Amino acid sequence: MLEWFARFSRKASAAAGSWQAFVAACTLVLAWLIGGFFVGFGSELYQLLINTTTAIVTFLIVFLIQGSQNRDTSALHAKVDALICAIKEADDEMIRIEDGSDDQLAQAREKTKAASGRS
């Protein structure tokens, strides 16, 4: 089930961010504007249809993008951890630091700044 969602999330996020999706969204907005002239912009049914549709689409897209972003972030962390492991001089305490508390993250940032010579 999780693999299915990961695949779907990647494909849906890529599709939602494509130029074709932008053109489709612009077409829908144009159709919405044209439709408003025929049924009246003040119509309760018209407003309900538009508001419900946009709320549902936004709600679903947020979860798809978040799922894709979580996967990308995990992959990035794995790559950085691999680089830390490959460099002998690297601080092994930095591996999986993202799982630490906010205080541990702040201490790690300060330690890194001090080691780089910047304050």
Exercise for the section: Among the residues of the stretch 73-95, write down those that are surrounded by 12 or more Cβ atoms within 10 Å (Cβ to Cβ) and within 22 Å of the chain's Cα centre (by Cα). Expected result: 77, 80, 81
Practice task
Could you check how many residues of the stretch 69-119 are in contact with an Asp or Glu (Cβ under 9 Å, 6 or more places away or on another chain) and in contact (Cβ under 8 Å) with a residue 40 or more places away in the chain?
Solution key: 0
Problem - Residue identified as touching a Phe, Trp or Tyr at 6+ places or on another chain (Cβ under 9 Å), surrounded by 14 or more Cβ atoms within 10 Å (Cβ to Cβ) and hydroxyl-bearing (Ser, Thr, Tyr) among 68, 13, 9 - result: 9
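Got a sec? Which of 33, 48, 28 is surrounded by 13 or more Cβ atoms within 10 Å (Cβ to Cβ) and either within 23 Å of the chain's Cα centre (by Cα) or modelled with pLDDT of 85 or more (or both)? Quick ask: steps written out before the conclusion?
On the way: 33 fails: surrounded by 13 or more Cβ atoms within 10 Å (Cβ to Cβ); 48 fails: surrounded by 13 or more Cβ atoms within 10 Å (Cβ to Cβ).
Being surrounded by 13 or more Cβ atoms within 10 Å (Cβ to Cβ) and either within 23 Å of the chain's Cα centre (by Cα) or modelled with pLDDT of 85 or more (or both) holds for just one of 33, 48, 28, which is 28.
The values are calculated or read from the model by the stated rules, or taken from the named source; none is laboratory data. All figures in this text were calculated on a predicted structure; none of them were measured in a lab. Cβ sites come from the backbone with ideal geometry, for glycine too, and all protein chains shown count toward neighbours.
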